[in-house]
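**Student:** My questions will all concern the structure given below.
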Amino acid sequence: KNVDEHPEFSKEDVSRYGVFATYTLPLTSSFSVTPKAGLTKVDGSYTLSGLSSEVSDSSTEFTYGLEVNYHYNDNIGLFVGYTDYGNELELNNIDKNKMDTQNYTFGIKIDI
């Protein structure tokens, strides 16, 4: 997240690590879906604007998601995906309405 999205913070430092199990299920010769499930560890540290104090939290959450794949040919494909990282970090007296725990992705896969 960008500090500009959260004016109450002058600094944000968030690390996220995860381990997932995935399996790609072919639907047709051109389309497949890839569900995923796993655990994600999140460490967050935030410095409040105008204060020198810092708030932080750490959590390990169940994480799940789904990716839809379009196979243009054997080497090139497109994908769009969604991942839910579980509960928000517990930060006292902080408005967490803008702190997303979901992630949307899209891109190109190239096999070389």
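The values are calculated or read from the model by the stated rules, or taken from the named source; none is laboratory data. Keep in mind that what you see is a predicted model, and the values were worked out from it rather than measured. Counting neighbours? That spans all protein chains shown, and the Cβs are built from the backbone with ideal geometry, glycine included.
**Student:** Restricting attention to region 25-41, does a residue exist that is at pLDDT 80 or above, among the polar types (S, T, N, Q) and within 13 Å of the chain's Cα centre (by Cα)?
**Tutor:** Within region 25-41, one or more residues are at pLDDT 80 or above, among the polar types (S, T, N, Q) and within 13 Å of the chain's Cα centre (by Cα).
**Student:** Looking at the structure I just gave you, is LEU66 modelled with pLDDT of 95 or more, surrounded by 12 or more Cβ atoms within 10 Å (Cβ to Cβ) and of a type in the set (A, V, I, L, M)?
**Tutor:** When the stated conditions are applied, LEU66 passes them.
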